[in-house]
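The structure appears below as structure tokens.
The values are calculated or read from the model by the stated rules, or taken from the named source; none is laboratory data. Computed from a predicted structure; not experimentally measured. Using ideal geometry, Cβ is built from the backbone for each residue, glycine included, and neighbour counts are taken over all protein chains shown.
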Amino acid sequence: MYRKDYILTELEKMALVIARLLGFKEAGKTDEFIKLADSTLLNEYNIKLHEILELDIDAFKLLLENENYSADKLDALAQLLYIYSLPFTANAELLLSFKKILLVYDVLEQQYHRQSFENINKRNTIYQFLQTNYE
């Protein structure tokens with residue numbers, strides 16, 4: 001019972017952080033977004049936002065493999081990267097972020113057998129943007 005309560009508490013905490021990040025992003029409060037993202041990533045993943053963004057796809061994949069994050073942490077990480085990428089502007093940084101988000105979704109599906117309508121919708125949005133802007 002204790003483990004279930006702990007997991008629910010962690011999920012609620014991450015949901016609140018994601019909501020605050022989305023609010024900062026929509027309000028154009030970039031500095032606040034970066035500060036909250038950095039503190040969250042340091043506390044939960046032991047890495048800063050700019051460090052994740054600077055990783056190439058192979059280094060990011062290695063990070064995911066070495067850290068063995070839970071499915072919930074992976075989902076939250078994908079959410080954070082997706083929110084950071086908004087609004088989508090075709091450039092090399094966005095393309096790399098998309099690859100990382102899609103990699104996380106692949107890990108969630110293949111390793112944890114976990115899908116959600118929200119993630120499927122975001123995956124489709126990414127594919128549509130890529131098709132429109134990169135083909």
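Here are some notes:
- The range 67-98 - residue that is within 20 Å of I47 (Cβ to Cβ) and touching a Lys or Arg at 6+ places or on another chain (Cβ under 7 Å) and, of those, surrounded by the most Cβ atoms within 10 Å (Cβ to Cβ): Y82
- Tally of residues being without any contact (Cβ under 8 Å) to a residue 12 or more places away in the chain and within 16 Å of S97 (Cα to Cα) across the range 118-130: 4
- Sole exception among (1) part of a helix (DSSP H, G or I); (2) under 24 Å from I34 (Cβ atoms) for F88, by number: (1)
- For first residues located in the range 50-63 and in a loop (DSSP other than H, G, I, E, B) and at pLDDT 95 or above, partners that are surrounded by 13 or more Cβ atoms within 10 Å (Cβ to Cβ) and not small (G, A, S) and lie 6+ apart or on another chain with Cβ distances below 8 Å form the pairs L55/L63; L55/K100; D56/L96.
- Selected residue (criterion: surrounded by the most Cβ atoms within 10 Å (Cβ to Cβ)) from residues of the range 28-49 that are of a type in the set (S, T, Y) and either at pLDDT 95 or above or over 13 Å from the mean Cα position of the chain (by Cα) (or both): S39
- Failed item in (1) under 22 Å from H113 (Cβ atoms); (2) surrounded by 11 or more Cβ atoms within 10 Å (Cβ to Cβ); (3) modelled with pLDDT under 85, with F24 passing the rest: (1)
- Among the conditions (1) in contact (Cβ under 8 Å) with a residue 24 or more places away in the chain; (2) surrounded by 13 or more Cβ atoms within 10 Å (Cβ to Cβ), Y134 misses just one, which is (2).
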